[in-house]
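The values are calculated or read from the model by the stated rules, or taken from the named source; none is laboratory data. Quantities reported herein were computed from a predicted structural model and do not represent experimental measurements. Cβ sites come from the backbone with ideal geometry, for glycine too, and all protein chains shown count toward neighbours. Accessible surface is based on the protein model in full, side chains and every heavy atom, while ligands, DNA and RNA are left aside. Shrake-Rupley method; radii C 1.70, N 1.55, O 1.52, S 1.80 Å.
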Amino acid sequence: HHILEIDRLRHVYPDGTEALRDVSIRIVHGESVAVIGANGAGKSTLLAHLNGHLLPTSGAVRVGHLPVGRDTLAEIRRTVGMVFHDPDDQLFMPTVYEDVAFGPMNLGLSGEDLERCVKDALRQVDALHLAGKPPYHLSAGEKRRVAIATVLSMAPDILVMDEPGNGLDPYARRQLINLLKDFKHSKIVTSHDLDLVLDLCERTVVLSGGEVRADGPTREIFQDE
Ligand code: ADP
Ligand code: ADP
């Protein structure tokens, strides 16, 4: 069954720009999908619809069977783990531990359950040793991994990542790709990094002018581009 259904999604900004025209994408459980396209193609607008940051002008987005809408936002934001373009937008507490604990605490977790949850999330991104550090002392690769942990601690069904390899040196980038490969989550990734897309996403959707121009196995898409 589909974990995410984007059905005839259209988005018109207040100034009249039609950023998404008629986008339909269905993703099954465990699938990893890259969304690629030139600047202005509509990638950011599409991602903003996945956690209800933007709502459709027409069409619909469903996560599981829950429609993304004003009255489902809390549930949607727990299910859809959004890793922002810039880790600094996700890290704002005095320590890494507190940043990762922030989401689950708001869900009501405390004590040993909270500690286990935080440590599990940090372990998954090989960052448990960073727990006591202030986020602003971390390297770009460490920041990226911790930003992902803040989302993993919410036990999301889908991980949405906007240019996860951005700003990383080749070693940190490879380390990140290898970690992400082991995640069992469904993933949606925007990236200009062909290596990352080839390694991580079996399927690629090409957006252009707010429309899906191609959707298929990543290797076939890259042969045609
Ligand atoms: P991408 O992420 O692929 O670069 P965007 O989703 O940012 O594409 O942009 C898609 C289109 O929507 C572009 O034409 C862009 O200029 C326009 N756009 C983006 N944000 C806004 C906004 N807040 N108001 C008006 N137009 C916007
Ligand atoms: P382990 O015993 O698995 O090595 P620790 O208990 O030493 O793990 O915790 C690892 C890191 O997490 C330490 O840097 C510690 O400061 C931090 N940490 C653990 N629990 C908390 C907590 N409740 N609040 C803040 N930081 C914590």
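Listed values, structure above:
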quantity	calculated
Residue in region 9-59 that is nearest to ligand 2 (Cβ to nearest atom), counting only those that are part of a strand (DSSP E or B) and small (Gly, Ala, Ser)	Ser32
Out of Val212, Val146, sole residue that is among the β-branched types (Val, Ile, Thr) and open to solvent by 30 Å² or more (accessible area, probe 1.4 Å)	Val212
Hits in region 60-69 - residues which are outside any loop (DSSP other than H, G, I, E, B) and under 17 Å from the mean Cα position of the chain (by Cα)	Val61, Arg62, Val63
Residue that is most open to solvent (accessible area, probe 1.4 Å), among those in region 46-60 that are within 15 Å of ligand 1 (Cβ to nearest atom) and free of Cβ contacts under 8 Å to residues at least 60 places away in the same chain	His53
Residues that are part of a helix (DSSP H, G or I) and either touching a residue at least 24 places away in the same chain (Cβ under 8 Å) or loosely packed, with under 14 Cβ neighbours inside 10 Å (or both), drawn from region 181-203	Lys181, Asp182, Leu194, Asp195, Leu196, Val197, Leu198, Leu200
Exclusive hit being at pLDDT 95 or above, in a strand (DSSP E or B) and under 14 Å from Ser32 (Cβ atoms), set Val160, Val212, Val206	Val160
The lone exception for Gly69 - which of (1) open to solvent by 20 Å² or more (accessible area, probe 1.4 Å); (2) more than 22 Å from Asp113 (Cβ to Cβ) it fails	(1)
Answer residue from region 87-143, given it is open to solvent by less than 30 Å² (accessible area, probe 1.4 Å) and of a type in the set (Gly, Ala, Ser) and is farthest from Tyr171 (Cα to Cα) among those	Gly103
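So that you can scan it fast, the table gives a plain yes or no per residue for (1) within 14 Å of ligand 1 (Cβ to nearest atom); (2) without any contact (Cβ under 8 Å) to a residue 12 or more places away in the chain; (3) of a type in the set (Asp, Glu); (4) out of contact with any Gly (no Cβ under 6 Å at 6 or more places or on another chain):
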| site | (1), (2), (3), (4) |
| --- | --- |
| Arg10 | yes, no, no, no |
| Gly16 | yes, yes, no, yes |
| Ile25 | no, no, no, yes |
| Val35 | yes, no, no, yes |
| Arg62 | no, no, no, yes |
